[in-house]
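I have placed the structure first, in the form of structure tokens, so that the comments after it can refer back to it.
The values are calculated or read from the model by the stated rules, or taken from the named source; none is laboratory data. These figures come from a predicted structure and were not determined experimentally. Cβ: placed from backbone, ideal geometry, glycine included. Neighbour counts: every protein chain shown. These area figures cover heavy atoms from the full protein model, side chains too; ligands, DNA and RNA do not enter into them. Shrake-Rupley method; radii C 1.70, N 1.55, O 1.52, S 1.80 Å.
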Amino acid sequence: MTEVLKIDASGAQRWEGRPADLSIIVPAFKEAENILPLVEKLRTILEEIHWEVVIVDDDSPDGTDEVLSQISRSDARVRFIRRLGRRGLSSAVIEGILSTSAPYFAVMDADMQHDERLLTRMYNVLSEGHADLVVGSRYIANGGVGSWGKTRQRISRFATTLSYLIMKADLSDPMSGFFMMSRPAFETAVRRLSIQGYKILLDIVASSPVPLRIVELPYTFRTRQHGESKLDTLVSLEFGTLLLDKLVGRWLPARLILFGAVGSLGVVLHMAVLALLMGIAQVPFLSAQVSATFAAMTANFFLNNMLTYRDMRAKGFSGIMRGLLSFYLVCSIGALANVGVANTFFTSNYTWWLSALAGIVVGVGWNYGASALFTWRNR
């Protein structure tokens, strides 16, 4: 089929006859002010490349979807996916990649802190067959972190050091969120991805069954001009979850380990509340035990909602209340299962500690599986 390049009234190029050669995947949340400036920069920089951009918006409340709808109606190269009921940078990137057929794709943020001028060089390196993956690096000669403070630089360096526990390549900047990759290389790793946390590049490199040919190109990280940074105190936990999943995920799910850790904190809280009510308030044991149980279950729900299931957490008053009530029910059944299994083992002449351990394993397993199914199933 003959390819025809057409330029519409807005100046946008439309290649008829085949799909794009390069797809730029942009995860977004509350980036309404940044979308149009980003698209305008891409139009200027990539005018010699047959490209498209896929913006994956996690149902932003700031009108990002309206901006995307308006732009995409005037420029067919701008596509978007609006995700409902789920969050997460890594999963957003993967959904965006899988929605395209382009032989090459780039990943970059919507906030324009990544230097879009590097995209052409990345594409040339890949299309000429010199690499499987090209990474925009802040930590090689002529690269930089811009206006970062010393604390953030130290945290980034420490995370880079930890990444070598799971990474199969000598990358200077595995924490980079700015890279371009060939589709065949991605397809070899996609089914092994953890989809944990926000460092999708590290996940891809660590998941690849064969060593990737990697080229790093320098860029300087820019200062955000509009909107707010999505980094918060919990991104460190997400990074740790990714490391944990890659290190032990073949034996135990990372979520189960987090769920168990939260449960351990619940045990400490239970005992503290029980001691407080009985020792100071002189509450009878049965009443104190019930109160301590509900206090621990409540704390466990909110911690799991914030940490273990952060990417699909219950939100809003009604959502949280439904989740909390279902968690109460799940854990109540788990407690009965714990006691029943432990008693069965004990009456079968097993030692008390082995009987108790069997009950705990069954109770935790039930609570984890059932809460994932009923409490956080469709968030």
Original post:
What residue among L258, L274, L193 has the largest mean-square fluctuation in a Gaussian network model of the chain, using Cα springs under 10 Å?
Top reply: L274
Original post:
Based on the Cα atoms of the chain, what semi-axes does the equivalent ellipsoid have, where each is the square root of 5 times one gyration tensor eigenvalue, given in whole Å with the largest first?
Top reply: 47, 22, 20
**OP:** Given the options E47, E128, E33, state which has the largest fluctuation in a GNM of the chain using a 10 Å cut-off (strictly under) for Cα springs.
**Re:** E128
**OP:** Choose one answer from R191, R43, R79: the residue with the largest mean-square fluctuation in a GNM of the chain with alpha-carbon springs under 10 Å.
**Re:** R191
**OP:** Show that you can apply the helix-only estimate: for the chain, add -39,500 (n - 2.57) for every DSSP H stretch of four or more residues, divide by all residues, and state [θ] at 222 nm to the nearest 500.
**Re:** -16500 deg cm²/dmol
Original post:
So, with a 1.4 angstrom probe, what is the percent of accessible area on the chain that is carbon and sulfur?
Top reply: 61
Subject >> Where segment 299-379 is the region considered: accessible area per residue in Å², 1.4 Å probe >> reply: 57
Subject >> J(HN,Hα) series, segment 279-285, from Karplus relation 6.51 cos²θ - 1.76 cosθ + 1.60, nearest Hz, glycine and proline x >> reply: x, 9, 8, 6, 7, x, 4
Original post:
Restricting the count to DSSP beta bridges whose residues both fall in the chain, what percent are antiparallel, rounded to a multiple of 5?
Top reply: 35
Subject >> Environment charge at R157 (Cβ cut-off 14 Å; Lys +1, Arg +1, Asp -1, Glu -1) >> reply: +3
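Where does segment 288-345 land on Rg/Rh, using Cα atoms and the Kirkwood Rh?
For segment 288-345, the value is 1.06.
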Original post:
Roughly what would the spin-label model give for N343 and Q289, points 7 Å off Cα along C-beta, in nm?
Top reply: 1.2
**OP:** Between Q70 and N124, with labels modelled 7 Å along Cα→Cβ, what's the label distance in nm to one decimal, could you check?
**Re:** 3.6
Subject >> Net charge over other residues, Cβ less than 10 angstrom from the Cβ of F179 (K, R count +1; D, E count -1) >> reply: -2
**OP:** Could you do me a favour and compute the accessible area per residue for segment 62-201, 1.4 Å probe, result in Å²?
**Re:** 44
Original post:
Counting only residues 5 or more places away or on other chains, whose amide H sits under 5 Å from the amide H of G144 once H atoms are built in the peptide plane?
Top reply: Y219, T220, F221
**OP:** With label points built 7 Å along Cα→Cβ from the Cα atoms of L354 and L276, find their separation and express it in nm.
**Re:** 3.9
Subject >> 19 Å tail of the calculated P(r), segment 22-129, as % of Cα pairs >> reply: 39
Subject >> Rounded to 10°, Cα long-axis angle of helix 32-45 versus longest principal axis of the chain >> reply: 40
Subject >> the chain, relative contact order [Cα under 8 Å, separation at least 6], % >> reply: 14
**OP:** Compute the projected area of the convex hull of the Cα atoms of segment 238-379, averaged over all viewing directions, and report it in nm² to one decimal place.
**Re:** 10.2
Subject >> Contact order relative to length of segment 242-349, as percent, for alpha carbon pairs under 8 angstrom and 6 or more apart >> reply: 22
